[in-house]
Every structure is written in C-alpha cells, then in structure tokens.
Amino acid sequence: MALVSSTSLLQTARKNKYAIGAFNVHTLEMLQAVVEAAEEAQSPLILQSTVGTVKHLGADYIAAAATVAANRASVPIALHLDHCSDFAVIMSCIRAGYTSVMIDASHSPFEENVAITQKVVEAANAVGINVEAELGKVGGVEDDIVVDERDAMLADPAECAEFVERTGVHTLAPAIGTAHGIYKGDPNIDFDRIKRIADVVSVPLVLHGGSGIPEEQVKRAVSLGMAKMNVATELRIVFSDAIKEVFAANPEENDPRKYMIPAKQALKKAAIEKMQLCGCAGRASDFR
C-alpha cells in the first residue's frame, strides 16, 4: 500500500490505548530492518528521519525508499520528519513525499511557537499530511539540537490545550520529563502531567526520548494517552554493536553484506520488542 498520513494511525492508537513505534532510520538497511519487523509483528509503522539524515541522504532518496517499502508492505507505513525548525526543510520533505512532519519551535516564546506552527499546519493541510509540534523542552541531544537537562521545561496542560486549539496541530509532543539519548539514571517522568494534558487535549500525544525507558513506565505513559513513541539512540546502538561484533571476529572483512545482514537482524529483533512494548504489534488489522 502507499505511504499514509500518520494522523489516522495515531488517532486510532489513542482511541484503543496503544502507541505506535516511530523509528529513526539512517540507512537503507535500517529502514528495511524496521519494515521487516513491522511485517513480522503485523504492526502499523512510522519511519522517521532527522534533519541531519535528510541532509546526509536527501529527502527524495529517503521518500523513494520508504515508498517502495510501503508499496511492498501489508501494514500501514507513514514517513515522518523528526524535530525540524527550518520551514524550508519541512517544505522540501513535503514535496518529496513525506506524510508527516514535526515543526519544533519549542525553543521560541509561546506566541512565536503558535505562529510558526500555524504556518506549517496550513501547508500540511493542503496536502493532507500530519503535523507534530512540541511544547516545553525535551532534554538531551537530537542531531544538533541540544537542551541542557537544567533548562528542560515541562509542558503546561493549559498551554497545551490553547496551543492545539489555536494551531490545529494534529499531534503534540509535550515535555513530560523524558530526554533524548540514553538515560544516565532512571527517567523522571511526570505521569500526572501526562494525564492532565490528555484530559484537556484531544489530539494524540507523542512520547519523545523512548530509548531506555523502563518497560513499566512506557506502558503507564501509553495507558495515559501517549499514542506514539519515538526510538532513535537505542536502535543506532544495536545496529552499530552488531557491526562491531563482525569486525571483532574478522577485522579483515570488507564485504558490506557480511556486516549489514547481522546488523539488520539485530535491529529487526529490537524493533519487534519495541512494537510489542508499545502494544502496536498485531494492530495492523485495525486499518484494513
């Protein structure tokens, strides 16, 4: 099937109290591994690329690969641009065929964030694709966006409600205590805040910083209204470690297929585990 907008996927997920795994991929092999995982798990899937990956590979290359994967797949697949603050890059991805984009103006004052997000929503609505925005600041590092943990601010429920109403944004990523990257200690997630935001916001909520969150905390966050969980760092580590193991055993290896195949297998296994954790495994049938 063709690539789909993530809007209906996430609305269905929220209604049925599960989350859809959104996986950042940086190579063709990573994309293939995650798609194969979704097929095996019969899970809806959101493929994601960062701005850095778009600059590295090209939006058209990424969209073309994702389109081929979606056309071959029996499960619904969306293609999402993660954490972008550049309107020109967002438009280039929309033109290339992305079906979801994130405008991240969370570092700007509230009114400026509203105005910027409104502009992106207007453009996306013209072609029927999803827009995700962020309120508050998620700590850690995402590409070249760095938020010091001390500066990370949690989202205010009343502001979230006002923001969604004024912008018409389709999905919201509120800062609730998670962080990008691997956690140095236990995550300090504000579950009461998730509930209060979900109570006043009707759109699906997005859990950023999904790498390394303990299973019971993921399940609790999903039960409270998180309908999308982003996973990036954990996948890169799994993929890279599998390649390192090949070279540790055979330092002279020079056939990329010999180290990419184990890397794909390791990533596929990790992705299936995340799909099972989010509760989206077996839910592709919701969209048939």
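The values are calculated or read from the model by the stated rules, or taken from the named source; none is laboratory data. This is a predicted model, so every value here is computed, not measured. Note that each Cβ is placed from the backbone with ideal geometry, even for glycine, and that neighbours are counted across all protein chains shown. Keep in mind that these areas ignore ligands, DNA and RNA; they rest on the heavy atoms of the full protein, side chains included. Shrake-Rupley method; radii C 1.70, N 1.55, O 1.52, S 1.80 Å.
Considering only protein heavy atoms and a 1.4 Å probe, what is the carbon-and-sulfur percentage of the accessible area of the chain?
C and S fraction of accessible area: 51 percent.
Rounded, prolate or oblate: which fits segment 1-108, taking a ≥ b ≥ c as square roots of the Cα gyration tensor eigenvalues, rounded meaning a/c under 1.5, else prolate when a/b beats b/c?
Cα axes put segment 1-108 in the oblate bin.
Ignoring the sites themselves, what is the longest stretch of the chain with no GluC sites (Glu not before Pro) in a DSSP loop and at most 16 other beta-carbon atoms within 10 Å?
Between exposed loop sites, the widest span is 1-251.
Please check which bits of segment 1-23 a label hung off Glu215 would reach, taking the label as a point 7 Å along Cα-to-C-beta and the cut-off as backbone N under 14 Å.
none
Does segment 159-252 classify as rounded, prolate or oblate by the C-alpha gyration tensor (a ≥ b ≥ c root eigenvalues; a/c under 1.5 gives rounded; else a/b over b/c gives prolate, otherwise oblate)?
Because a/c hits 1.5 or more and a/b exceeds b/c, segment 159-252 counts as prolate.
In the Gaussian network model of the chain, springs joining C-alpha atoms below 10 Å, which of Pro157, Pro214, Pro251 carries the largest mean-square fluctuation?
The residue with the greatest mean-square fluctuation here is Pro251.
Accessible area per residue for the chain in Å², computed with a 1.4 Å probe and the full protein assembly in place, what is it?
Accessible area per residue: 43 Å².
Which of the lysines could a cross-linker bridge to Lys244, judged by Cα under 21 Å and excluding same-chain residues fewer than eight apart?
Lys258, Lys264, Lys268, Lys269
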